[in-house]
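A.B. asks: Could you have a look at this structure, given as structure tokens, before my questions?
The values are calculated or read from the model by the stated rules, or taken from the named source; none is laboratory data. Because the structure is predicted, anything quoted here is derived from the model rather than measured. Glycine also receives a Cβ, built like all others from the backbone with ideal geometry; neighbour counts cover every protein chain displayed. Heavy atoms of the whole protein, side chains included, go into the accessibility calculation; ligands, DNA and RNA do not. Shrake-Rupley method; radii C 1.70, N 1.55, O 1.52, S 1.80 Å.
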Amino acid sequence: MKRLVSGIKPTGELTIGNYIGAIKQFIEYQEKYESYIFVADMHALTVHNDPKELKKRIKDIVALYLACGIDPEKTTIFIQSENMYHANLSWILECNTMMGEASRMIQYKEKSKKGDTTVGLFTYPILMAADILLYDADVVPTGIDQKQHVELARDIAERFNHKYGETFKLPEPLIDDETSKIYDLQDPTKKMSKSDDSDKGCIFLLDDVESARKKIMSAVTDSDNKIHYDKENKPGISNLLVIYSSITSLSIKEAEEKFKDKNYGEFKKAVADEVCKFLFELQEKYNEILSSSEIDAYLDKSNEKVRKIASEKVKDTFEKVGLGR
Ligand code: TYM
């Protein structure tokens, strides 16, 4: 079975964009791939976090993974920082990454515009490469914003293999065309993001359903009043169609057909109904999971499993580059 690796960083509450762009794919693919899904908590340190809040969010993500439907029997869920080998490998990879290629990362360029940039924000895609290469991942499902980082991991692996001999598998990004970027409801040309300053255009998985409903009902659309998918000219409606079709598992075409004689108000209400139903059921499961004591025992076991895989890879890498005695 081919291997899949991916993760989410706990820098804010998870959004419906994280669900549609990433978690939903993890669930679908767990039937097909040997899956390793983690909480990328070390990545969260690239920006400042309240330590207590960060700790809470790490556990929240594990509970949300499970509540969304990731099956802990099929997928190994773990916490990145509990496996020290990620940081070990990251250093070796940093020393095999060129300044030029790291400087080309779009996310770094955008985020560093805000000023106060840490070195961690710059080297973060290399830690991400370590997350992937440590487990010999064949595929890495993500939203479109992470594609360039997966390609960097591939480039680093290729360079390392060329220099030191076959060590890493070359990973492939696994990106769904339609759902790889869910947009902000207030500005449908911008990615919906958990780390945004304003949350009006962002549906969080733990939003109370009434505020989620309000956000959808006030989503920015256009004045054409026809419901069809046209990303360029109707970004708001197209985004709502993608959200609706992902939550209901209807195709975009089927959703268009269903609403062809409806107005925007009726369509938004239908989207809100489905999203609220989804959130309500998800939150019920999440609360149940959080209050059970089984998560810790499970994480201890998966931690042991991933450390074993990772230690072998790091040992091989150290050997190849000539570290130690
Ligand atoms: P992060 O935490 O920003 O996002 C987690 C996943 O959610 C996807 N995503 C979206 N997809 C569609 N629409 C959106 N609006 C949206 N917002 C987020 C992201 O593309 C991502 O797949 N660096 C990564 C975490 C990471 C990782 C890894 C991923 C660390 N190591 C190794 C894969 C493999 C990140 O910051 O994702």
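A.B. asks: Taking the condition more than 10 Å from the ligand (Cβ to nearest atom), in contact with an Asp or Glu (Cβ under 7 Å, 6 or more places away or on another chain) and among the hydrophobic types (A, V, I, L, M, F, W, C), does Ile58 pass?
C.D. replies: Numbers: more than 10 Å from the ligand (Cβ to nearest atom): yes; in contact with an Asp or Glu (Cβ under 7 Å, 6 or more places away or on another chain): yes; among the hydrophobic types (A, V, I, L, M, F, W, C): yes.
Yes.
A.B. asks: Only one of these conditions is not met by Ser103: (1) polar (S, T, N, Q); (2) away from the ligand (no atom under 15 Å from the Cβ); (3) surrounded by 18 or more Cβ atoms within 10 Å (Cβ to Cβ). Which number is it?
C.D. replies: Here Ser103 clears every test but (3).
A.B. asks: Tally time: how many residues in region 286-317 are in a helix (DSSP H, G or I), farther than 18 Å from Lys169 by Cβ and open to solvent by 60 Å² or more (accessible area, probe 1.4 Å)?
C.D. replies: Filtering region 286-317 for residues in a helix (DSSP H, G or I) gives 286-291, 294-317.
Imposing the further condition that a residue be farther than 18 Å from Lys169 by Cβ reduces the set to 286-291, 294-305, 307.
Right, trim to open to solvent by 60 Å² or more (accessible area, probe 1.4 Å) and you get 287-288, 290-291, 294, 296-297, 300-301, 304-305, 307.
Summing the residues that are in a helix (DSSP H, G or I), farther than 18 Å from Lys169 by Cβ and open to solvent by 60 Å² or more (accessible area, probe 1.4 Å) in region 286-317 gives 12.
A.B. asks: Note down all Cβ pairs under 7 Å where the first residue falls in region 113-136 and is farther than 16 Å from Ile8 by Cα and in contact (Cβ under 8 Å) with a residue 12 or more places away in the chain, the second is assigned to a loop (DSSP other than H, G, I, E, B) and of a type in the set (A, V, I, L, M), and they're at least six residues apart or on different chains.
C.D. replies: Gly120/Leu45
A.B. asks: A follow-up question, please. Determine which member of the set Glu94, Glu53, Glu34, Glu82 is in the same structural domain as Lys308 (by TED's automatic domain parsing), within 30 Å of Val275 (Cβ to Cβ), open to solvent by 20 Å² or more (accessible area, probe 1.4 Å) and out of contact with any His (no Cβ under 8 Å at 6 or more places or on another chain).
C.D. replies: Details: Glu94 fails: within 30 Å of Val275 (Cβ to Cβ); Glu34 fails: within 30 Å of Val275 (Cβ to Cβ); Glu82 fails: within 30 Å of Val275 (Cβ to Cβ).
Selected residue: Glu53, the only one of Glu94, Glu53, Glu34, Glu82 that is in the same structural domain as Lys308 (by TED's automatic domain parsing), within 30 Å of Val275 (Cβ to Cβ), open to solvent by 20 Å² or more (accessible area, probe 1.4 Å) and out of contact with any His (no Cβ under 8 Å at 6 or more places or on another chain).
A.B. asks: Please count how many residues of region 168-191 are closer than 18 Å to Phe26 by Cβ and part of a loop (DSSP other than H, G, I, E, B). Break it down stepwise before answering.
C.D. replies: Within region 168-191, the subset closer than 18 Å to Phe26 by Cβ is 171-182.
Add one more test, that the residue is part of a loop (DSSP other than H, G, I, E, B), and what stays is 171, 175-182.
Residues that pass the stated criteria total 9.
A.B. asks: When you go through Glu110, Glu94, Glu82 one by one, which is the residue that is modelled with pLDDT of 95 or more and farther than 24 Å from Val321 by Cα? Talk me through it step by step, then tell me what you get.
C.D. replies: Numbers: Glu110 fails: modelled with pLDDT of 95 or more; Glu94 fails: farther than 24 Å from Val321 by Cα.
Checking each option against the conditions leaves just Glu82.
A.B. asks: Condition test on Leu323, is it assigned to a loop (DSSP other than H, G, I, E, B) and open to solvent by 60 Å² or more (accessible area, probe 1.4 Å)? Steps first, answer last, please.
C.D. replies: Details: assigned to a loop (DSSP other than H, G, I, E, B): yes; open to solvent by 60 Å² or more (accessible area, probe 1.4 Å): yes.
The answer is yes for Leu323.
A.B. asks: Looking at (1) within 15 Å of the ligand (Cβ to nearest atom); (2) touching a residue at least 24 places away in the same chain (Cβ under 8 Å), can you tell me which one Pro72 breaks?
C.D. replies: Looking at each condition in turn, Pro72 falls short on (1).
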